[in-house]
Amino acid sequence: MRSAPPLLHLAALLALVAPLGCDYAAIQLRFNGALVVYVYDADFAIQGTLVEVVETGEKATTNASGLAQFTLPPGKYTVRAYDINRGGPCCQYVDQAVQVDADEEARVDIWTCLRCE
């Protein structure tokens, strides 16, 4: 008995797998990690702070809970939060290094002082 060509085997396998909803984007997301940045002063969250992941250029603004969220491939990143006041010259940015791992959530807390001058 003669065997089918390898290309036919591949086509048959793809025909079986495709209906399972194999989605490249879904597979890729599964291996990404989450980065959550929390901006706060004392006991309350700060809304409206611009946060950037320097290496990717992705930006987000903190929500009412003081959170900005990103989905990133595993790796080392620099989180930059703008208009951060820690006393002294006002409204500078702050950089913080963070490691993002696959299927994990990395968190960066950034303190700002709204009462400081």
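Hey, got a sec? Which trypsin sites (Lys or Arg not before Pro) in segment 56-115 land in a DSSP loop and have at most 11 other Cβ atoms within 10 Å? Filter output for segment 56-115: ARG115. For segment 38-69, GluC sites (Glu not before Pro) meeting the loop criterion (DSSP other than H, G, I, E, B) and having at most 16 other Cβ atoms within 10 Å: GLU55.
Counting beta carbons within 10 Å around each of LEU114, LEU72 and listing the fewest first gives the order LEU114, LEU72.
Quick one: if the Förster radius is 35 Å, what FRET efficiency do TRP111 and THR71 give, using the C-beta to C-beta distance and rounding to 0.05? For R0 = 35 Å, the calculated efficiency reads 0.90.
Each label was represented as a point 7 Å from its Cα along the Cα-to-Cβ direction; for ALA97 and PHE31 these points are 2.5 nm apart. Note down the nm distance, to one decimal, between modelled labels 7 Å out along Cα→Cβ at GLU55 and at ASP43. With each label point 7 Å from Cα toward Cβ, the separation is 3.8 nm.
None of the figures in this text is laboratory data; all of them are computed from the coordinates on show. Computed from a prediction, not measured in an experiment: that's the story for all the values here. We place every Cβ from the backbone using ideal geometry, glycine too, and count neighbours over all the protein chains shown.
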